[in-house]
Amino acid sequence: MANKSQKDIERSLKVRAKVASERPDFQRSEANRFPRLGDKWRSSKGIRSKMRLKKRSRSAIVETGYRGPVATRGLHPTGKNEVLVHNVSELEGINPETQVVRISSSSGKRKRLEIKKRAEELKIVVLNIRPSDVPKPEEAPEEAVVGETEESEPSESESDEPQEEGGAGEEAEEEPEEEPEEEPEEEPEEEPNDEESEGANDEEADRK
C-alpha cells in the first residue's frame, strides 16, 4: 500500500464498492427448505450436488472472483488502515494521513476520554466515539439567569407610576356606574279567616 498513490486507492475503493453491490448472498445447500440451517455458508461436498456442479437455477457458491481489489482489502471506507488502541501511549506512533483509530471496547470511560482528547491534539480520527464521550455543554449559573429576567421585566413600582400620573381622571370616568340595589319584595299580609273573625265578634258581644 505504501507504493500506491492516493488516486489509485480511491479508484480501488470505487471498484470494491461496485463488486460488493453485485456480490450475491451466499446460502448453503437446502437452506431454503430447512430454516434451521441458518444463513451461514457451508460448501457442498456431495459427489452429485447440483450446487457444487454449478447447475442452472442453483445458488451461487463462494469463489475468488467475488473478491475486491487487493489494494483496498482490509481498509476502512475512508481508505485508511484501522488501528486498535487500548491507551494513550499507543497513539504516539499513529500516522493521521494513512491511519485511523478504533478504541478498544475493554477501555473504561476515563481512558476513552483521555484517548479522545489526545487524538484531537494529534488530529487523529477516532471511529467509535460514544455519546457519553462527548462532554455536555456547561449550564449557566442560576444567579445570572435570574439577573437577566429581572432586567428584562420592569418592577411593579415602575409599571404603576405612569398609570397613576397620566390616568387619574380617566379612571374616574371609566368607573362603572353602580347598579341600584333591588328592594326586597314585601310579603302579602295574610287575610284572617272568616271563622276566626266571627269568633272574635262573639267574644266582644259577651263582654258587653
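The values are calculated or read from the model by the stated rules, or taken from the named source; none is laboratory data. A quick note: this is a predicted structure, and the numbers were derived from the prediction, not measured. Note that we place each Cβ from the backbone using ideal geometry, even for glycine, and neighbour counts take in every protein chain shown. SASA here: full protein model, heavy atoms, side chains in, ligands and nucleic acids out. Shrake-Rupley method; radii C 1.70, N 1.55, O 1.52, S 1.80 Å.
Assorted remarks:
- For the stretch 1-136, the residue among Gly74, Val85, Ser49 whose Cα projects farthest onto the positive side of the dipole built from Cβ charges is Ser49.
- The loop-placed GluC sites (Glu not before Pro) in the stretch 1-91, going by DSSP, that have at most 12 neighbouring Cβ atoms within 10 Å of their Cβ come out as Glu30, Glu63.
- Flagged links, alpha-carbon separation over 22 Å, of Lys14/Lys40; Lys7/Lys80; Lys14/Lys55; Lys111/Lys136; Lys80/Lys116; Lys18/Lys45: Lys14/Lys40; Lys14/Lys55; Lys18/Lys45
- Heavy-atom accessible surface of the stretch 1-59, averaged per residue, reaches 89 Å², computed with a 1.4 Å probe.
- Percent carbon-and-sulfur accessible area, the stretch 29-88, ignoring ligands, DNA and RNA, probe 1.4 Å: 50 percent
- Once the Cα-Cα distance is subtracted from the 0.36 nm per residue extended length, the Arg58 to Thr98 segment shows a gain of 10.2 nm.
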